[in-house]
1. Mind checking which of V95, N146, I58 is farthest towards the positive end of the range 50-182's charge dipole, using Cβ charges of +1 (Lys, Arg) and -1 (Asp, Glu) about the Cα centre?
2. Roughly speaking, what is the stretch gain from R176 to A101, that is 0.36 nm per residue apart minus the C-alpha to C-alpha distance, in nm to one decimal?
3. Report the net charge of residues surrounding D205, where surrounding means a beta-carbon distance below 12 angstrom and charges are Lys +1, Arg +1, Asp -1, Glu -1.
4. Report for the chain the percent antiparallel among DSSP-assigned beta bridges with both residues inside it, nearest 5.
5. Where is the GNM fluctuation largest for the chain (alpha-carbon springs, 10 angstrom cutoff): I109, I21, I84?
6. Structure shown: which of K183/K213; K116/K143; K183/K261 lie over 30 Å apart, alpha-carbon to alpha-carbon?
7. Using the beta-carbon distance between I84 and E123 and R0 = 25 Å, what value does 1/(1 + (r/R0)^6) give for FRET efficiency, to the nearest 0.05?
8. Mind giving me the nanometre distance, one decimal, between the label points for N257 and V55, set 7 Å out from Cα along Cα→Cβ?
Amino acid sequence: MAATRKVVIIGSGPAGYTAAIYAARANLAPMMFTGIQSGGQLMLTTLVENYPGFVEGIDGPPLMETFKQQALRFGTEMIPEDVIEVDFGNRPFRVKTDDAAVEADTVIIATGATAKLIGLPNESKLMGRGVSTCATCDGFFFKDQNIMVVGGGDSAMEEANYLSRLGRQVQVVHRRDALRASKIMQERALKNPKIEFIWDTGVEDVLDPAKGKVTAVRLKNLKTGTQSEMPVDGLFIAIGHLPNTALFKGQIDLHPNEYIKVVPGTTETSVPGVFAAGDVADFTYRQAVTAAGTGCMAALDAERWMALHDPH
């Protein structure tokens, strides 16, 4: 076993990379397990126009590469492996991959969340090209266009109401004949003159990858079996997110929705010395800039915690 690391960061993306930048600049020599698929949800995003500092916008992958290179510049050690096991029961904490095991005085969890997808044949092919899982990220690109939202919960109603301020028309497709959303969110959407509901209907596929953009959606009425094609310019999937927390069950406290519990106003988890940043602990905002902000907080929290507890 190598010497105990001061900070181990699990996960990449805006939160993980920002934590690494701050920790490295504080001479904490962070080790970061980026995962085999590094970069987080922005790796699935084309143009990002709402991240400060990029006047003309920037595609998600090069933005994440910029974060990565900045973290490397200050000496972050990056391991492109997935963490398969953690032990937060004793300090130093233990973090394991298939090929390595390290000990850490502090751990920053930045494993993010994954948007639930429908599983359509063309869904991933058109992701970022008319298919989106984030209205506040991509709604701007659909000004005065026809938009479809899939889902029936609060997040779907929130997306539909937001998109109605931008698009020409918003159609909400739901598999049942009643919404699951809270009363106030339902009323707001049902009263909105720009929102139309398509009930008892599932989305069978989205077209057209050959054109490199969304042109239509294939629907199926689940009661009659009737299929139809609806021309749309954008498809927003709002059926929820799954935080990537399976690894930490039984090790730290989670909310009932499986996001990590943190002390409000901090990144502290139920285990002293373990911190959580980004979408793995945030089911409210889920933006790149807020993830980066909590990545900064986590590194500062870890640095201050070590100063107080002086593990060495």
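1. N146
2. Numbers: separation 75, 0.36 × 75 = 27.00 nm, distance 4.78 nm.
The span from R176 to A101 would gain 22.2 nm if fully extended.
3. Values: positive: K125, R218, K220; negative: E123, E204, D208, E229.
Residues close to D205 contribute a combined charge of -1.
4. Numbers: 26 of 57 bridges.
Approximately 45 percent, going by the DSSP bridge assignments.
5. Comparing I109, I21, I84 in a Gaussian network model of the chain, the most mobile one is I84.
6. Details: K183/K213 35 Å; K116/K143 25 Å; K183/K261 26 Å.
K183/K213, as the Cα separations exceed 30 Å there.
7. Details: r = 28 Å, r/R0 = 1.12.
The value I calculate is 0.35.
8. Taking the simple label geometry, N257 and V55 are separated by 3.8 nm.
The values are calculated or read from the model by the stated rules, or taken from the named source; none is laboratory data. Not measured: the values here are computed from a predicted model. Neighbour counts run over all protein chains shown; Cβ positions are idealised from the backbone, glycine included. Just the protein is used for accessible areas: all its heavy atoms, side chains included, with ligands, DNA and RNA removed. Shrake-Rupley method; radii C 1.70, N 1.55, O 1.52, S 1.80 Å.
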